[in-house]
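Structure first, then comments.
All of the numbers you see were taken from the coordinates with simple rules; none came from a lab. As the structure is a computational prediction, the values presented were derived from the model and not from experiment. Note: ideal-geometry Cβ built from the backbone for every residue, glycine included; neighbour counts use all protein chains shown.
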Amino acid sequence: MEHVPKRDERILIIDEQQLSQSYLRYTLEQLGYQNITIADRAQLALNLCRNNLFDLIICSFNQAEGKDGFQLFAELKFSGLQKHATALIFISAETDPTLVHSVIELQPDEFLAKPFAIKDLQLRIERVLKRKQQLRPLYQLLDNQQYPSALRHIDEQLSDASQHKWFPLLLKLKGDILLAQQDYEDAEHFFLAMLSIQPFSWARMGLVRCYVQQGREQQAFNELEPLLLRTESRLFALDLLSELEFKQQRYQQAQQHLIDAAELAPRNLLRQQKLLQLSRLNHDYETQYRAAKDMVKYARYSMFEQPDLYLNLARASIDYALASEDEEQQSRLNRQVTLSLQALQKQFGKQDLSEQQLILQARLLYLQDHKDKAKALLRDLKNDQPISSLEDALDKAKALHELGLADAAEQLFQQISDYCKQQQADPVLTAYLQQERAERVQMKQGPRELNNSAVQLYQRGHWEQAFEAFNLAHKVMPKNAGIALNLLQTLLTSPRPLCGVQEKLQLQQQCEQVIAAASLKPEQQRRYEQLKSKQQPLQMNG
């Protein structure tokens with residue numbers, strides 16, 4: 001090691017532990033690197049990257065209180081502080097698969113698990129620095145988004161046989177540039193040519209993107225199947241399958257693909273946001289709640305931590321509690337609402353979030369059967385304000401509807417609809433808003449009141465009206481066992497047909513699946529057993 005030549009590459013080590021810092025510095029110095037900077041906190045690292053251009057960043061996952069290494073890496077990447085020419089090696093003693101998949105999705109140049117040998121670190125450093133140095137002119141063009149010049153540079157390099165070692169990477173970068181230019185026809189021809197040479201996963205993924213952008217969805221579906229089976233392309237395939245299933249209005253399948261992807265890499269907040277929106281569209285309040293909770297968990301201390309995350313967790317908690325019959329679970333969800341609002345006040349107390357919090361308090365009072373108190377809270381709210389947040393407006397419309405103020409709720413839903421058209425809102429959110437509005441126009445009252453009025457209709461022998469009310473309540477709260485039992489009882493005990501044979505069988509199967517998965521109350525269990533054995537009119541108590 002005495003005769004190792006001196007190197008002048010600028011290297012930043014980001015690690016909170018002094019022992020690890022010393023080990024990395026010593027290792028790098030033994031390899032000849034002298035220009036070394038150390039940051040023991042994420043914020044210091046960000047400031048250094050704003051004011052300096054490093055050749056290599058070695059980022060450790062474990063950081064001091066605040067941002068962890070993943071969140072720091074994400075901020076470096078999304079804020080443009082990590083240039084194409086800057087190599088990044090991510091190191092971590094934690095190798096939980098969910099973290100590893102999340103990190104790899106951000107595409108570091110290398111991922112290195114602690115503990116590691118000096119030889120291994122040396123190999124990784126020399127490999128990435130050599131690549132960055134060799135391709136520096138190209139990376140500078142990419143940083144400046146000079147895509148035509150970058151394509152010409154790549155073609156020149158590909159025509160030079162002495163550069164054959166870099167051909168695979170150059171070809172992949174060429175595909176990335178064609179996609180970035182939205183030149184989907186040329187990109188398609190390029191990716192097909194690559195696949196005729198070798199089944200590169202990146203080329204197949206690029207081809208799928210081309211098909212999706214050109215509206216050739218069946219071809220995209222066909223290409224995605226083999227990508228699901230490969231580790232390096234599974235997340236991509238799941239995300240695209242979800243997008244395609246949504247376009248086909250197969251919302252349950254779209255949601256399941258996102259659930260699978262989120263289980264692999266839960267730190268991707270954009271994916272969690274899409275999962276939250278899709279789960280609402282499917283009336284899956286449990287998945288909505290879990291996605292909202294994960295977003296708060298993984299956004300904490302990151303650049304993505306915003307008041308809406310805490311507000312949406314409180315909203316999801318209320319939605320879930322309204323759909324649940326489990327009193328203990330309702331109590332836990334009530335506490336979650338309070339905790340979310342307390343955390344919101346602590347983190348963002350200086351911002352004026354009073355109206356959003358007041359609306360949540362009103363919905364919480366409604367959940368606790370204090371309807372008059374909830375109405376009193378909303379009485380002084382102005383209803384003619386311009387929309388600044390779709391989620392805030394939607395929550396207000398829900399609160400108005402739940403409290404029986406149907407006309408005010410419908411006016412706000414119309415305002416929300418107009419806003420979506422003007423702003424070109426996310427397609428999933430737009431679909432959910434349209435569905436929410438249509439269902440609440442049908443209900444004219446909250447889902448709990450709808451079920452109660454349906455019980456009264458059933459008891460009076462108004463079979464058709466009771467069936468319509470229970471069916472709508474079941475549609476809005478598909479996992480509520482009490483509503484499923486009421487609908488099943490109405491279907492099986494009505495003296496005359498309420499729907500077609502096929503629809504009846506389908507609804508009966510849905511209700512029985514919900515009931516089988518739930519813990520029924522003693523009275524509900526008695527009714528269900530009697531219904532199964534005799535299939536005769538029973539006393540319905542709600």
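Miscellaneous remarks
- Packing, as the average of other Cβ atoms within 10 Å across residues, places the peptides 30-39, 456-465 in the order 30-39, 456-465, highest first.
- Most tightly packed first, judged by the mean number of other beta-carbon atoms within 10 Å of their residues, the peptides 292-299, 500-507 read 292-299, 500-507.
- Between Q456 and Q140, full extension at 0.36 nm per residue minus the direct alpha carbon distance yields a gain of 106.6 nm.
- The order of the peptides 345-357, 278-290, 307-319 by mean Cβ neighbours within 10 Å, most packed first, is 307-319, 278-290, 345-357.
- Rounded is the label for the stretch 30-148. Its Cα gyration tensor axes, ordered a ≥ b ≥ c, give a/c under 1.5.
- Compared with the dominant Cα axis of the chain, that is its longest principal axis, helix 285-299 is turned about 30°.
- Added length on full extension, which subtracts the Cα-Cα distance from 0.36 nm per residue, K114 to F78: 10.4 nm
- Spacing of the two label points (7 Å from each Cα toward its C-beta) at Q423 and Q122, in nm: 5.7 nm
- Pairs of Cα atoms nearer than 8 Å and 6+ residues apart set the relative contact order; for the stretch 352-445 it is 25 percent.
- Shape class for the stretch 81-228, computed from the alpha carbon gyration tensor (a ≥ b ≥ c): oblate, with a/c not under 1.5 and a/b at or below b/c.
- Counting only lysines at least 8 places from K532 when in the same chain, those with an alpha carbon closer than 29 Å to its own are K475, K479, K504, K521.
- Bridgeable lysines around K119 (alpha carbons under 19 Å apart, same-chain partners fewer than 8 residues away excluded): K6, K130.
- Shape of the stretch 255-327, Cα gyration tensor, a/c cut at 1.5: oblate
- Label positions at S389 and D352, each projected 7 Å from the Cα along the C-beta direction, are separated by 1.4 nm.
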